[in-house]
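Colleague: Can you read through this structure? Questions will come right after.
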């Protein structure tokens, strides 16, 4: 932490509303707060270094005040200039929203595709989907503690079962984590994580499908309905006639 | 189930047990009703069918249904429900109305009796709310001491619990531990016979399954 070199004197800066756009220069500084009052924007939380930074000094119509309750002194003035206005503070980021531009699909030619590439990553949530062999699942279920089955739902995919929920079961299989839009293999993330919503929209525009991505970028879909709570009886019932 | 519905209409015992197991509601009666052998048999048949349905969810291989224990437990619950509202018995006679089980508490007996006995803890709570000095409470308490698998939700006094023979059955052992975890009975989880089993059931995800658990 930087030491407060201002001897505990709090500083406020004020700029006219018209300088709003210039404040984007300050947006990346943490813990700045702003308030709007009578056509002026007030900002607090600046360190002494920031106060002398070029980004601040070049703001149009800038006034720097030292706080001496209940008055404000303009910097360098011995006598108070104005009474301290009553201000409500909010995070500066909320005043200056950042919008991500829409992904422009038209930018690619008609034949061109959005390619999915994964890379190894330590980021990611705990696994919440698990593809296991039915044999393994059956063996585990026969002895499992009830609490382990409780958070899970499952569905059959050929000779395999897809389990969803957390925590997953301690049996071998392919584990996927959910990045908010897609299921990715554990230990991997999209090369460009920012594209996750666009990829999802392109593969499965309606919400009733889960999208699973392989490590090589291929994907498969699982219908989001058709899952049932995992239990020994639901497993047995699924194979009564086979 | 249509068969069952037909039978239910003229068998009050079956009626009560059926609604208790399927809906968790107790039907109260105004007087002691006699039960014929045929009616008892219908109840046993129904309990067996229910047991086999439920055993689909039991771990390992489930012990065989024990009709005698199941009937004893059903009778006990049936009579307790009658004693809620109406009593012409003297206090001293209560133990004869709710007699002890004569037989061995095998794993099969414990699980078969549990179909009905699992409702006793909440029945006791209601009885207690009406009259905390009710002599029935002592009798039931005494029974539940031996049938403690059905009493796990309110089991406080864990001294002298006998579970060694029960735990010879992997099925009952796991069900016992599951019930400790389900009802978060921390005291029982710390019992020397259960501690290691509870921990291995929870595995490395103990914090997410049972965050408040303290094992001494």
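Each reported figure results from applying straightforward, stated rules to the coordinates on display, with no laboratory input. Keep in mind it's a predicted model, so treat the numbers as computed, not measured. Glycine also receives a Cβ, built like all others from the backbone with ideal geometry; neighbour counts cover every protein chain displayed.
Colleague: Could you give P(r) for region B:72-154, binned at 10 Å from zero, as whole percent values over all Cα-Cα pairs?
Modeller: Reading upward from the zero bin: 17, 56, 24, 3.
Colleague: Once you place label points 7 Å from the Cα toward the Cβ at residue B:168 and residue B:122, how far apart are they in nm?
Modeller: For residue B:168 paired with residue B:122, the spin-label model returns 3.4 nm.
Colleague: Quick one: grab the alpha carbon gyration tensor of region B:68-216, order the square roots of its eigenvalues as a ≥ b ≥ c, and give me rounded if a/c is under 1.5, else prolate or oblate depending on whether a/b is larger than b/c.
Modeller: It is prolate, given that a/c is not under 1.5 and a/b is the larger ratio.
Colleague: Where the centre of each part is set by its Cα atoms, how far does region B:54-111 sit from region A:196-242, in angstrom?
Modeller: Going from one Cα centre to the other spans 45 Å.
Colleague: On the principal axes of its Cα set, how long, how wide and how thick is the protein assembly as shown? Give whole Å, largest value first.
Modeller: 101, 65, 44
Colleague: To continue, here is another question. Compute the FRET efficiency between residue B:187 and residue A:192 as 1/(1 + (r/R0)^6), taking r as their Cβ-Cβ distance and R0 = 56 Å, and round to the nearest 0.05.
Modeller: Numbers: r = 53 Å, r/R0 = 0.95.
Efficiency, from the Cβ-Cβ distance: 0.55.
Colleague: Using the C-alpha atoms of region B:24-105, what convex hull volume per residue, in cubic angstrom, is computed?
Modeller: Residue-normalised Cα hull volume stands at 120 Å³.
Colleague: Something else: Find, to one decimal place in angstroms, the Kirkwood hydrodynamic radius of chain A, where the mean of 1/r is taken over every pair of different Cα atoms and then inverted.
Modeller: Every distinct Cα pair counted, the radius reaches 23.2 Å.
Colleague: Relative contact order (percent) for region B:64-216, with alpha-carbon contacts under 8 angstrom and 6 or more residues of separation?
Modeller: 20
Colleague: Treat each spin label as a single point 7 Å out from the Cα along the C-beta direction, and report the residue B:48 to residue A:139 distance in nm.
Modeller: So the two model labels end up 3.6 nm from each other.
Colleague: Further question: Between the helical axis of B:67-83 and the dominant principal axis of chain B, each derived from Cα atoms, what acute angle in degrees is found, rounded to the nearest 10?
Modeller: On a 0 to 90 degree scale, this one is about 70.
Colleague: What area, in nm² and to one decimal, does the C-alpha convex hull of region B:2-157 cast on average over all directions? Let's see the in-between values first.
Modeller: Working: hull surface 38.7 nm².
Taking a quarter of the hull surface, the average projection is 9.7 nm².
Colleague: How big is the equivalent ellipsoid of region B:136-216 along its three axes, where each semi-axis is √(5λ) from the Cα gyration tensor, reported in whole Å from largest to smallest?
Modeller: Working from the Cα gyration tensor, I get semi-axes of 23, 14, 10 Å.
Colleague: Rounded to the nearest 0.05, what FRET efficiency do residue B:156 and residue B:130 have when you use their Cβ-Cβ distance and R0 = 25 Å?
Modeller: Details: r = 21 Å, r/R0 = 0.85.
E(calc), rounded to 0.05, equals 0.70.
Colleague: Quick check on region A:123-238: of the DSSP beta bridges with both residues there, what percent are antiparallel, nearest 5%? Before the final figure, lay out each step's value.
Modeller: Values: 23 of 24 bridges.
Within region A:123-238, antiparallel bridges account for around 95 percent of the total.
Colleague: Just to be sure I understand: if I project the alpha-carbon convex hull of region A:11-95 onto a plane and average over all orientations, what area do I get in nm²?
Modeller: If you wrap the Cα atoms of region A:11-95 in a convex hull and average its projections, you get 5.2 nm².
Colleague: P(r) tail for region A:123-238, what percent of Cα pairs lie past 23 Å? Let's see the in-between values first.
Modeller: Numbers: 1951 of 6670 pairs.
The answer is 29 percent, as a whole percent.
Colleague: What FRET efficiency would be calculated for the residue pair residue B:22, residue A:71, taking the C-beta separation as r and a Förster radius of 60 Å, to the nearest 0.05?
Modeller: Details: r = 77 Å, r/R0 = 1.28.
After rounding, the FRET efficiency stands at 0.20.
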